[in-house]
């Protein structure tokens, strides 16, 4: 059962492990630097569906199907699925997973949802309350643009600090196991709000949350950045990553050479015109369930921190000129 250390961190005792994982992406993501890492992709932004929202549900449905196949399981073997997305009432998850007939826990952490769902799944598996859990999430460029910004037909200009919502889904299957990458520790983040109001600069809004959660984990575990192969943030992008570096440098900590951001890994910034990088909860989910897991499989990685970040805004709060609270959850994965 998970043991609390320090103020914010939980250490697992029974090795809740990744026994299966899957990733599905769109055409733009497939054409990026990570393209060969993903399990499946489609040139059709609607993935054969009538709407972009249904396409996002298809991402989750397909990612879980891939993960189950790799784990050599069926949906009947899963005790509980934890899932969420960026759409109102998490319809990407509910419509995407409804036909699996698995006990469902809907979660919302914005772009940190993969971290939140993995944290909950791993702690319940570690406790023995359930045997096998799934964690799933997604995002879609077109559905996010329609909900949070403008219809695509509007053709609005993007600011230099804006990020491109990734079209992707990722799924992980968690079970107690040996000799597989496992979740060693979890740090649940705290809401941080430094008053950033620009919805086109979410990297700046989320950077303080990433800094806070990573710093809390390092203090709780008495470790330093160079104790880990890499620290992966979710989607701070270029702007948010630079702000996070500055916050750590004020403490005399330089994490620049031990850090990668999934939003910067997903696309070629110079060739694919994504401005500050990628975003969306499918961004870190797809990178985790492809590139990161593949590097554990070939023994390149042995100990990493996965820290997806989320901007907890809504279309309503933006229209009411509210600031953007943010969150980051940390998962320490080892082998």
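No lab work stands behind these numbers, since they all come straight from the coordinates. Quick caveat: nothing in here was measured; it's all calculated off a predicted structure. FYI the Cβ positions are ideal-geometry reconstructions off the backbone, even for glycines, and counts take in every protein chain you see.
Stokes-Einstein diffusion of segment 131-270 at 4 °C, 1.567 mPa s viscosity, Kirkwood radius from Cα pairs, rounded to a whole number: 75 µm²/s.
Taking the Cβ of each residue in 316, 309 as the centre, tally the other Cβ atoms inside 10 Å and list the residues starting with the fewest. Mind dumping the intermediate values first?
Numbers: 316 9, 309 38.
Neighbour counts put them in this order, fewest first: 316, 309.
Each of 239, 223, 74, 165 was scored by other Cβ atoms within 10 Å of its Cβ. Arranged with the fewest first, they read 74, 223, 239, 165.
If you take the Cα Rg of segment 3-176 and divide it by 2.2 N^0.38 Å, with N the number of residues, what do you get? Before the final figure, lay out each step's value.
On the way: Rg = 16.7 Å, N = 174, 2.2 N^0.38 = 15.6 Å.
Output field value: 1.07.
Mean separation of Cα pairs under 8 Å and 6 or more residues apart, divided by the residue count, gives the chain a relative contact order of 25 percent. Convex hull of alpha carbon positions in segment 182-334: directionally averaged projected area 9.1 nm².
Tell me, 331, 130 in order of fewest to most beta-carbon neighbours within 10 Å?
Details: 331 24, 130 16.
Taking fewest neighbouring Cβ atoms as first place, the list is 130, 331.
Helical runs assigned H by DSSP (4 residues or longer) give the chain a calculated mean residue ellipticity at 222 nm of -9500 deg cm²/dmol, each run adding -39500 (n - 2.57) before division by the residue total. Diagonalising the gyration tensor over the Cα atoms of segment 284-335 and scaling each eigenvalue by 5 before taking the square root yields semi-axes of 34, 11, 5 Å, largest first.
The chain has equivalent-ellipsoid semi-axes of 27, 25, 18 Å, by the square roots of 5 times the alpha carbon gyration tensor eigenvalues, sorted largest first.
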